[in-house]
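Each reported figure results from applying straightforward, stated rules to the coordinates on display, with no laboratory input. Everything quoted here is computed from the prediction, not taken from an experiment. Glycine also receives a Cβ, built like all others from the backbone with ideal geometry; neighbour counts cover every protein chain displayed.
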Amino acid sequence: MKGAAIRLYARHEPGFDERRAHSVALLREAAERHAGRIVFTTSLGAEDMVLTDLIARHHLPIAVATLLTGQLHAETLALLAATEAHYGIEIERLQPDAAQVLQFEARHGELPMRRSVELRQACCALRKLQPLARALAGRSAWVTGLRREQSNARAELPFSALDEQGREKFNPLADWHQADVWHHIETQGVPYNVLHDRFFPSIGCAPCTRAVTPGEDIRAGRWWWEQASAKECGLHVAAPPATPPSTPPFTSGQNKHTSKEPA
């Protein structure tokens, strides 16, 4: 079972080296433009492990943070510690307010996210959006591992744009294919979540994630009881509040998204 995800997904595709070089260039310019005020928020998924590797490998001054929702798989928590040890970095940990979590659980019982989209989104807001707002406080930019291939809702994903609060949001892997992600993981020895080897291509909180079967969409295991159109937690739909940055948006023409496919 070990290495199953690499055997299943990894392959070198035309243009990979160019896409990777572009991602590094974008990260480097983002770090320079937002010196000391930029953070990469990692979920410890495959894409985010690639970005952690690029940031650490190229010694880029970008803070790395993660959201400890209180519902993560044990395998994800193990990867958090392993990642810090592997790269010699410290990952910021943001957690939900414990009192609010207890109140929510007392009011709505066990697995409230399974009962309605509204309750699931309320749970995501409590466990993810509020901690994310603290991670972004005082920062003018953030980095994500989003890719256009991940869903129809992300098909037009730009390399950079201002979010609703005026922060610059960078998506350095926007044009990467799934094969690219796993080719980088394989060739660079990047640590990854062992759940990927058990057919979990997209990993969130434990109650909200299952393995997928051959032929299913890569996000089919997320909130599988909901319609596909509802499958966003809010992290990349409406950004948390903050003071707008003083710097203008990213302006390098070669890093702006102009089509669905890489140049």
Considering only the other residues whose Cβ falls under 12 Å of the Cβ of P112, what net charge follows from Lys and Arg at +1 and Asp and Glu at -1? +2
Whether the stretch 1-103 is rounded, prolate or oblate, judged on the alpha carbon gyration tensor where a/c under 1.5 counts as rounded: oblate
Which one, R107, R120, R20, has the greatest fluctuation when you compute a Gaussian network model over the chain with C-alpha springs under 10 angstrom? R107
For the stretch 123-189 and the stretch 8-48, compute the distance between their C-alpha centroids and round to whole Å. 10 Å
Helix-only estimate, please: 222 nm mean residue ellipticity of the chain, summing -39500 (n - 2.57) across DSSP H runs of length 4 or more and dividing by its residues, to the nearest 500. -10000 deg cm²/dmol
Give the peptides 60-69, 109-118 in descending order of average Cβ contacts within 10 Å, highest first. 60-69, 109-118
Just to check I understand the Karplus step: with θ = phi - 60° and J = 6.51 cos²θ - 1.76 cosθ + 1.60, what whole-Hz values come out for the stretch 191-206, glycine and proline as x? x, 8, 5, 5, 5, 4, 6, 9, 6, 10, x, 10, 10, x, 6, 4
In whole percents, the bins of 10 Å from zero upward hold the Cα-Cα pairs of the chain as 7, 30, 39, 21, 3, 0
About its Cα centre, how strong a charge dipole does the chain have in debye, to the nearest 20, once Lys and Arg get +1 and Asp and Glu get -1 at the Cβ? 340 debye
What does DSSP give for the chain in terms of the percent of beta bridges that are antiparallel, rounded to the nearest 5? 30 percent
Cβ-defined net charge surrounding Q165, 15 Å radius [Lys, Arg +1; Asp, Glu -1]: +2
Once Lys and Arg are counted +1 and Asp and Glu -1 for all other residues with Cβ under 15 Å from that of A81, the total becomes -3
Toward the positive end of the charge dipole of the stretch 49-206, about the Cα centre and with charges on Cβ (Lys, Arg +1; Asp, Glu -1), which of I89, G166, G189 goes farthest? G166
Can you list the HN-Hα couplings for the stretch 148-159, worked out from phi with the Karplus curve (6.51, -1.76, 1.60; θ = phi - 60°), rounded to whole Hz and with x for Gly and Pro? 5, 5, 5, 6, 4, 5, 10, 5, 9, 4, x, 6
